[in-house]
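Structure below; questions to follow.
The values are calculated or read from the model by the stated rules, or taken from the named source; none is laboratory data. All values derive from a computational prediction rather than experimental measurement. Neighbour counts run over all protein chains shown; Cβ positions are idealised from the backbone, glycine included. Accessible surface is based on the protein model in full, side chains and every heavy atom, while ligands, DNA and RNA are left aside. Shrake-Rupley method; radii C 1.70, N 1.55, O 1.52, S 1.80 Å.
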Amino acid sequence: MKRLLVSLLALTVLIALSGVGGVVYVFWEYGRDLPDYRQLADYEPPVMTRVHAGDGRLLAEYAIEGRVFVPIEAMPRRVIHAFLAAEDKNFYEHPGVDFLSVVRAALTNLRNMGSNRRPVGASTITQQVAKNFLLSNEVSLERKIKEAILAFRMERTFTKDRILELYLNEIYLGFSSYGVATAALNYFNKSLDELSIAETAYLAALPKAPTNYHPINHPSAAKARRDWVIGRMLEEGAVAEDEAVQARAAPLVIRQRAETEFFQAEFFAESVRRELLSRYGESQLYKGGLSVRTTLDPRLQEVADRVLRGGLVAYDRRHGWRGPIKQLDSIDGWRDQLARLGRPVGLEPWQIAIVLTLDDTGADIGLADGGLGRIPLPELRWARAWKKGERLGPKVQAPSDVLAVGDMVPVEEVTADSEGNAYPAGSYALRQLPELEGALVALDPHTGRVLAMSGGYSYARSQFNRATQALRQPGSAFKPFVYLPALDQGYTPSTLILDAPFVVEQGPGLPKWRPANYTRKFYGPSTMRLGIEKSRNLMTVRLAQTIGMEKVKEYAERFGIVDNLSTQLSMSLGAGETTLLRLTAAYGMLVNGGKRIVPTFIDRIQDRNGRTIFRHDSRPCEGCRATFWTRQRVPRLPDDRDDVTDPTTAYQMVSMLQGAVDRGTGVRVRAVGKPLGGKTGTSNDSKDAWFVGFSPDLAVGVFAGFDEPRSLGPQEQGASVAAPIFRDFMAGALENAPATPFRIPPGIRLVRVNGASGLLAQHGDRGVILEAFKPGTLPRGPSQVLEGLSSAEVDSSASTGTGGLY
């Protein structure tokens, strides 16, 4: 008997040693080439980047996977309990592998042998994380062994909460849902903390086989599996008995995810996307989960889009009808033909229609929705035939002068004519997509924050942003930066400059350069103020020649208008190309008192964990984070902006530009009825039209021109094309704002002077204005007239260029 016991003991020890050896061998054999599980310590699942307007509204989302990452600390406890009850009830106790579950699964699979049933698994949540992140979905014993080894290693390295966080944010739950937060939105249109017990249980039922428990394709199986999870939650004490009964009785109802509501500002959003891409790279943009708060003001953006489109359409109507979108061979089956042809890009908010019949008083049309309408003759009067050179054909006498049966045309429903006379129901006006393009930028002149930007008529039609990407000649909109260095050198707005013919030799074999005023007239000695207000080319060229183009170049580059301005004399008339955003920012530096600003679309960027990684305003503010207000003083922020010009010089230029609105080329803008300053700009041959200006707290720039530059037509210029858009924007932007005067810096004296001569006003003088002078610069008598040099006396290297800009 004793020998038998010894033999049994020895056999037991031998078996045990063999088992241990076998286990060691398995771990050595299968654990040699396993993936490095430690990479999961820094793993961050791809999460979408969200871009918000200044008021928090969503502008854009950028992502490769539509995933929402929720840290474990923010995960609702009910969600955690549901998944643990369904998938791994011993998660917080086992070392990575649940041996009791393994034995139970083995016995079950033995019983089911030969029954064609799928083998039962016993994978823990840790094992599922190992499989999902580090291994394949291959069904084999080798993969299960590797999975177990990795699970043991992960449990020794990571906390249970970290493993569970990876699992709940990575697991695939069907409906294109990665992670529980995305699944809650896709199945129930709810956030995690809004889910009911029944809904939470259904999500926890999905990891095993989302397809098998599809709520629409397999509703019975889906509900049965959900109810089983509710039972497991009850057993684990996650829900009460009455809650479980109610949850089981609840129907399984899927609610389609609501369409994400975006504020439409496509040009602005694309500029933000480009900046994020440049700053952080593609991976961080599309996978990094950034939260971006932009500078956009949605109210101003809506005004910008509306007035820009309206201004481009108004110009287009002035220059005639270019014909239908398409001409159908037959109107038979016109409804089907319209459906096949679809809606042209950029047509919103107009409709598309087919001309069915014509008579002397109008045209009957068929609409894309199958309805009928009529275009009265008065709504066709504008549509005179377009002629080359932006000229017009004969006046419209009958609908047949414009339209023909089968024409496919844009229309807009109208209720009354231009004089307010009512039309019958179903009346429409003929419309036309404009060829002319343009842009509008509005920014805060004190910070550089871009508040609104529209880069063209329609982003759907063209993604080219004419506010930031189009390099065009600003024409006379550049002139303030010729006059500004002169003011800094001691000239005053009352300094007289000769307005007379100016001729420059350009060199052997080249014609002489003869710049001219827009009016083709000469006005003799005139004040600098008049030179700006009336946009006098000849005065500007003489001034630039006197102070030197090197000085003009210095100021243009200092204000960020161009990077390297040529010193040719024609550059003083705005022949150097720039963008609307850069020029608008330069005007902002005038009205803010001569402080440098850098335009920005972004206020703040936070990473996926809420840590701020970029802030446009980086000034320190110790008192800005107080939790409560206890009548402490408002924090004073330091002004760290660099000076680009003297504040008194900047104000003199602001005053002169205000005069351009009150009495000069920008007089159309005066209708806004509030203190405004600004300058028109028209390039050579009227290819570019500009108006750039400001109120005390808003700088705005408008550009209009064809993408393939050509003349805007006879009599068209910045005053007729761009200024009305600026006017309408300012009227909307400042609608509820008080009439704030421009801020006058210390050292400026406002003195009554004769507007024509610039001398101190005398009794009985007409045209008296208040002029801004620096200390010691008041006119004491007739001043010397700045005449400049002409013809061969001028260095020809500084004088080539355009024939004249205005």
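Inspect segment 528-538 for any residue being touching a strand residue (DSSP E or B) at 6+ places or on another chain (Cβ under 8 Å), over 17 Å from Ser476 (Cβ atoms) and of a type in the set (S, T, N, Q) and give the result as yes or no.
Checking segment 528-538: not a single residue is touching a strand residue (DSSP E or B) at 6+ places or on another chain (Cβ under 8 Å), over 17 Å from Ser476 (Cβ atoms) and of a type in the set (S, T, N, Q).
From (1) more than 17 Å from Tyr483 (Cα to Cα); (2) not in a loop (DSSP other than H, G, I, E, B), pick out the condition that doesn't hold for Leu637.
Of the numbered conditions (1) more than 17 Å from Tyr483 (Cα to Cα); (2) not in a loop (DSSP other than H, G, I, E, B), the odd one out for Leu637 is (2).
Moving on. Say whether the condition of being buried (at least 19 other Cβ atoms within 10 Å of the Cβ), modelled with pLDDT of 95 or more, of a type in the set (A, V, I, L, M, F, W, C) and touching a Phe, Trp or Tyr at 6+ places or on another chain (Cβ under 8 Å) is met by at least one residue in segment 761-772.
Checking segment 761-772: at least one residue is buried (at least 19 other Cβ atoms within 10 Å of the Cβ), modelled with pLDDT of 95 or more, of a type in the set (A, V, I, L, M, F, W, C) and touching a Phe, Trp or Tyr at 6+ places or on another chain (Cβ under 8 Å).
For segment 570-582, what are the residues that are in a helix (DSSP H, G or I) and under 27 Å from Leu496 (Cα atoms)?
Answer for segment 570-582, where residues must be in a helix (DSSP H, G or I) and under 27 Å from Leu496 (Cα atoms): Ser570, Met571, Ser572, Leu573.
Given Ala304, Ala314, Ala363, which one is modelled with pLDDT of 90 or more, within 17 Å of Pro410 (Cα to Cα) and assigned to a helix (DSSP H, G or I)?
Only one candidate qualifies: Ala314.
Just checking, which of Ala704, Ala756, Ala719 is modelled with pLDDT under 95 and either at negative phi or out of contact with any helix residue (DSSP H, G or I) (no Cβ under 6 Å at 6 or more places or on another chain) (or both)?
None of the other options fit; the residue is Ala756.
Take segment 574-585 and flag every residue that is open to solvent by less than 10 Å² (accessible area, probe 1.4 Å) and either of a type in the set (D, E, K, R) or touching a helix residue (DSSP H, G or I) at 6+ places or on another chain (Cβ under 6 Å) (or both).
Gly574
Follow-up. Can you name the number of the only condition in (1) open to solvent by less than 30 Å² (accessible area, probe 1.4 Å); (2) hydroxyl-bearing (Ser, Thr, Tyr); (3) part of a loop (DSSP other than H, G, I, E, B) that Ser757 fails?
Here Ser757 meets the rest and fails (1).
In addition: Kindly list, by first and then second residue, each pair from a residue in segment 586-603 that is open to solvent by 40 Å² or more (accessible area, probe 1.4 Å) to a residue that is part of a strand (DSSP E or B) and not β-branched (Val, Ile, Thr), limited to pairs with Cβ atoms under 7 Å and residues at least 6 apart or on different chains.
Every condition considered, the pairs that remain are Lys595/Asp643; Pro599/Leu443.
Here is a further query. For the condition of a type in the set (Val, Ile, Thr), open to solvent by 10 Å² or more (accessible area, probe 1.4 Å) and not in a loop (DSSP other than H, G, I, E, B), what is the one hit in Thr648, Thr665? If you could, list the steps in order and put the result at the bottom.
Working: Thr665 fails: not in a loop (DSSP other than H, G, I, E, B).
Within the list Thr648, Thr665, the selection yields Thr648.
Another question, then. Has segment 227-239 got at least one residue that is of a type outside the set (D, E, K, R), touching a His at 6+ places or on another chain (Cβ under 7 Å) and in a loop (DSSP other than H, G, I, E, B)? Please lay out each step first, then the result.
If we filter segment 227-239 for residues that are of a type outside the set (D, E, K, R), which is where we start, we get 228-231, 233-234, 237-239.
Within this subset, residues satisfying the condition of being touching a His at 6+ places or on another chain (Cβ under 7 Å) are 233, 238.
Next, from what is left, pick out any that are in a loop (DSSP other than H, G, I, E, B): 238.
Yes.
Ok, one more. Conditions first: (1) touching a residue at least 40 places away in the same chain (Cβ under 8 Å); (2) over 30 Å from Asp305 (Cβ atoms); (3) in contact with a Leu (Cβ under 7 Å, 6 or more places away or on another chain). Thr260 passes all but one, so which condition is the exception?
Exception for Thr260: condition (2).
Residues checked against (1) out of contact with any strand residue (DSSP E or B) (no Cβ under 9 Å at 6 or more places or on another chain); (2) modelled with pLDDT of 95 or more; (3) among the polar types (S, T, N, Q):
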residue	(1), (2), (3)
Leu436	no, yes, no
Thr447	no, yes, yes
Val482	yes, yes, no
Gly490	yes, no, no
Arg514	no, no, no
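Which residue, of Glu241, Glu266, is of a type outside the set (S, T, N, Q) and touching a residue at least 24 places away in the same chain (Cβ under 8 Å)?
None of the other options fit; the residue is Glu266.
Hey, can you tell me all the residues within segment 46-68 that are open to solvent by less than 40 Å² (accessible area, probe 1.4 Å) and either aliphatic (A, V, I, L, M) or over 25 Å from Arg449 (Cα atoms) (or both)?
Pro46, Val47, Met48, Val51, Ala53, Leu58, Leu59, Ala60, Arg67, Val68
Only one of these is at pLDDT below 90 and either within 30 Å of Thr295 (Cα to Cα) or part of a loop (DSSP other than H, G, I, E, B) (or both): Tyr25, Tyr92. Name it. Show your work before the answer.
On the way: Tyr25 fails: either within 30 Å of Thr295 (Cα to Cα) or part of a loop (DSSP other than H, G, I, E, B) (or both).
Step by step, each of Tyr25, Tyr92 is checked, and only Tyr92 is at pLDDT below 90 and either within 30 Å of Thr295 (Cα to Cα) or part of a loop (DSSP other than H, G, I, E, B) (or both).
Can you find, within segment 171-199, the residue that is surrounded by the fewest Cβ atoms within 10 Å (Cβ to Cβ) among those that are among the hydrophobic types (A, V, I, L, M, F, W, C) and part of a loop (DSSP other than H, G, I, E, B)?
Selected residue: Phe175.
Quick check on Leu164: is it of a type in the set (A, V, I, L, M), under 22 Å from Arg248 (Cα atoms), over 32 Å from the mean Cα position of the chain (by Cα) and open to solvent by less than 30 Å² (accessible area, probe 1.4 Å)?
no
Right, here's the next one. Check Gly681 against each of (1) in contact (Cβ under 8 Å) with a residue 40 or more places away in the chain; (2) assigned to a loop (DSSP other than H, G, I, E, B); (3) within 19 Å of Pro445 (Cβ to Cβ) and name the one condition it does not meet.
(2)
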